[in-house]
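Scroll down for the structure; my scribbles are underneath it.
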Amino acid sequence: MAQRILLVEDDTSIVIGLRMNLEREGYEVELAEDGDTALERVREGDFDLVLLDVMLPKRNGYEVLDALRKEGNHTPVLMLSARSAEMDKVMGLDLGADDYIPKPFSVAELLARVRAGLRRGRAQAESNVLWRMREIDVDPERHQVRKAGKDVELTAKEFEVLMLLKRASGRVLSRQAIFDRVWGDSHHGTLRTIDNFISQLRSKLEDDPASPRHLLTVRGVGYRLDTTGNSNDET
């Protein structure tokens, strides 16, 4: 089934070229020429991605994006704009855009960014699926964890570490990999930060934190998540 893209653009010359190239790549393309129509179409349709111009009649692209994100709509949005100033880009990204593409742009670059946006969208959709490990239920979209029917309070970082290990699908992640992907370069902590967070997660999720069944240590390497709960720490 073809992936569906909503193209929101009021410049006919741009629409013709973009639509032709997107359809040539196998995408199903629908059009909206103003911000109000764009909001209606996204609310009504099941789109895989939105290409959203900033300067639109009735409601600009920033307003459309802001409304969608406030409604909880996480469809990937790539903003297109002749406004290339840093603050314009920052505004779009802060409002929840997945990418910001200044005009003029090459078709090849745009198509590459579309493919990347669609991959991120699929990964996000998969990560929002409810999942369980024995008596523990995890709702990624609500950031909610329940154990034996009772709520478990996780901090935002604890939840992010848990989801990162889940997305690894049983693969071992090094302490450095976890640190880089959850905290990033701007954080001045140490790799012991990871050990502390794993310890906190174990105290909240494991029946016996000293002998964990889910959050496993692989000695000398890092950590992995076993959702079956059939294993203990690995040497």
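Every read-out reported here was derived from the displayed coordinates using simple, explicitly stated rules and does not represent laboratory data. Just so you know, these numbers come straight off a predicted model, no measurement behind them. Cβ: placed from backbone, ideal geometry, glycine included. Neighbour counts: every protein chain shown.
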Taking H as built 1.01 Å from N, whose amide H comes closer than 5 Å to the amide H of residue 144, not counting residues under 5 places away? 139
Percent relative contact order for the range 4-127, counting Cα pairs under 8 Å at least six residues apart, stands at 23
Cα-Cα over 31 Å, subset of 70/103; 103/157; 89/204; 58/166; 70/150; 70/166: 103/157; 89/204; 58/166
Size of charge dipole - the chain - debye, nearest 20, with Cβ of Lys, Arg +1 and Asp, Glu -1, no other charges: 960
Which value results when the Cα radius of gyration for the range 4-127 is divided by 2.2 N^0.38 Å? 0.95
So if I average 1/r over every pair of distinct C-alpha atoms in the range 148-216 and take the inverse, what Kirkwood radius in Å does that give? 12.7
Using alpha carbon centers only, the range 189-224 is separated from the range 1-50 by a whole-angstrom value of 45
So what's the projected area for the chain, the Cα convex hull averaged over all directions, in nm²? 15.2
